[in-house]
Amino acid sequence: MAGDAHEGGGFNIHPMDQFELKPLFGGDVIHWYTPTNATLWMLLTVIAVSLLMVAGVRGRALIPSRAQSAAEMVYGFVRKMVEDVAGKEALKYFPYILTLFLFILFANLIGLIPASFASTAQFAVTGFLAIAVFVTVTAIGFYKHGAGFLKLFWVSSAPLALRPILALIEVISYFVRPVSHSIRLGGNLIAGHAVLKVFAGFAGALGLASVAPILAIVAIYGLELLVMVVQAYVFTILTCVYLNDALHPGH
């Protein structure tokens, strides 16, 4: 995420270049099966999650290590979130939601490492995660309630004349969920990393006068650390809200 040099008497900063997909083993054409920089950093994300949640708690010591304490804290935090938002009935889906939270959190944080690649800034990644949530909760809703799941779209407390209009609005908003779910995460990642790249470009171009951009980078980087955690939390809690709708469509 370093800035570009000051060339030709003007700033030459390209903040969106850091999101470009590149094949790992050369070539210019990317197919659906081509390993890319996004593939590599998602693999590293999975390894990091595994080290924390598997290797970190392997000993299960009475006096936990730092890794075990962190793993237990994340586990308890997400479990409580699921239970509070969607009820005890939703705990059977807790492993899936914990996996989502950990993958997004670690991918976000790893994307802040200099020279890394922010995989969750790719709408292909966030879109897939959002569509997977949408399909999963919809399937759960119909499996648990059959046609009764359609009660989710019928606002029985509204006046009868307004119910068809509200039902149409509810259907549209339901199918827009994966779009908003994915864009919220990916858009925030893109915006934050682009701002960091711009200020890094200023710092690289101004030379000795780069104190102000460097201070701005430090401040923005600290803010981005918070945003990375918040965005993982928001994606996960929205998943819990959607799951609650599938489990309790009449509420």
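Where a number appears in this text, it was derived from the coordinates with a stated rule and is not lab data. Just so it is clear, the model here is predicted, and its values are computed rather than measured. A quick note on method: Cβ atoms are made from the backbone with ideal geometry, for glycine too, and the neighbour counts reach across all protein chains shown.
Below, the figures for the structure above:
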item: The chain: most fluctuating residue of 21, 160, 206 per GNM, C-alpha cutoff 10 Å; result: 160
item: Equivalent ellipsoid semi-axes, the range 67-117, via Cα gyration tensor eigenvalues times 5, rooted, Å; result: 26, 12, 8
item: Alpha-carbon Rg with Dmax, taken over the range 170-251, Å; result: 18.7, 64
item: Loop-exposed chymotrypsin sites (Phe, Trp or Tyr not before Pro) per DSSP, neighbour cap 16 Cβ within 10 angstrom, longest uninterrupted part of the chain; result: 34-153
item: Whole-Hz couplings from phi, Karplus 6.51/-1.76/1.60, listed for the range 33-40; x for Gly and Pro; result: 9, 6, x, 10, 4, 5, 4, 4
item: Placed amide H near residue 36: partners under 5 Å, 5+ positions off or other chain; result: 24
item: log₁₀ of I(q)/I(0) at q = 0.25, 0.29, 0.30 Å⁻¹ - the range 102-155, Debye sum with one point per alpha carbon; result: -0.92, -1.06, -1.09
item: Integer Hz, Karplus 6.51/-1.76/1.60 couplings in order for the range 147-160, x for Gly and Pro; result: 5, x, 5, 5, 4, 4, 9, 10, 7, 5, 7, 7, x, 4
item: The chain - charge dipole about Cα centre, Lys and Arg +1 at Cβ, Asp and Glu -1, debye rounded to 20; result: 860 debye
item: Label corresponding to log10 I(q)/I(0) by the Debye sum over Cα atoms at q = 0.08, 0.09, 0.15, 0.16 Å⁻¹ when calculated from the structure given, among (i) -0.42, -0.53, -1.12, -1.19; (ii) -0.47, -0.58, -1.17, -1.24; (iii) -0.30, -0.38, -1.06, -1.20; result: (i)
item: Set of lysines with alpha-carbon distance to residue 88 below 17 Å, sequence-local pairs under 8 removed; result: 80, 144
item: Karplus-derived 3J(HN,Hα), 6.51/-1.76/1.60, for each residue of the range 238-245, Hz, glycine and proline x; result: 5, 4, 5, 4, 5, 5, 4, 4
